[in-house]
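First comes the structure, then the notes that go with it.
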Amino acid sequence: MYLGRSNKKVTAKQAAVILVPVLRKAPNVASNCIDTSKLFMNTGIDIEFVRQNYQKMTDEELVRVATQDSTGLTPEAQEVAKKEIQRRKLDRNIIQGIQAQNRSYTIEEIDKYCEIIQKLNCPTCNTSSQILNGTMTVEVVSYVFLTQYKEKIKIGCPDCLDRANNAALTKTVALGWWGIPWGIIRTIQSIIVNLKNKKTNHNDTPNVFLRSFVLSKVGLLETYKDDKEKVQQLISV
Ligand SMILES: [Zn+2]
């Protein structure tokens, strides 16, 4: 459904699928696709079409798009989404969620969101005695000719983060190495990355994994920053 997004890089294949039916405005499309930007030179985006698409959504869909999938919406499309949220009398913080996904941040601003998360209970052991942070676990599992390399960002207390990295290491050492030909290579990579990532699990200040988690959820965090329960749910995934 076309929601008025622009400046989003699309592959030639995706562009072909998206552009032909809805004449999507996409400046970065590959040259072998129809260049629809010319069609919009005088008229801009068909904002009425965008408006109709927002109106067709259920409240649930609208909230999801606004809080989680608004990156790259043009200012006109953001305005349409805001009006629709106001028309339906939904929580006004959702509008801030849209804006939060369409601006850039300083480290200090990111760390303000990190602070909200750091004070929560650990989603694994449920204690609040330690300040929370993030890690990335890397797991490798091989099935003869197929080797899976799975990265996952996890939020928790330092001890639980250590345990998560250790569990990924144990699983990788047991199941990762015997794939051909990537098993050994990926297993070694996983061991190095898990051990390296563990080093920042006990930092008092937000580490790179917590910051990237915050950025990936910034629309939700801005919308629900005053609702401790909602933010707690957010880190439990
Ligand atoms: Zn814990």
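All of the numbers you see were taken from the coordinates with simple rules; none came from a lab. Just so it is clear, the structure is predicted and the values come from calculations on it, not from any experiment. Positions of Cβ are backbone-derived with ideal geometry, glycine not excepted, and every protein chain shown enters the neighbour counts.
Points worth noting:
- Rg ratio (alpha-carbon, reference 2.2 N^0.38 Å) - the range 111-235: 1.16
- Fewest-first ordering of Ser104, Ser236 by other beta carbons within 10 Å of each residue's beta carbon gives Ser104, Ser236.
- Pairs exceeding a 24 Å alpha-carbon distance, out of Lys56/Lys89; Lys112/Lys230; Lys152/Lys198; Lys171/Lys225: Lys171/Lys225.
- Size of the range 74-141 as Cα extents on the principal axes (Å, biggest first): 42, 31, 28
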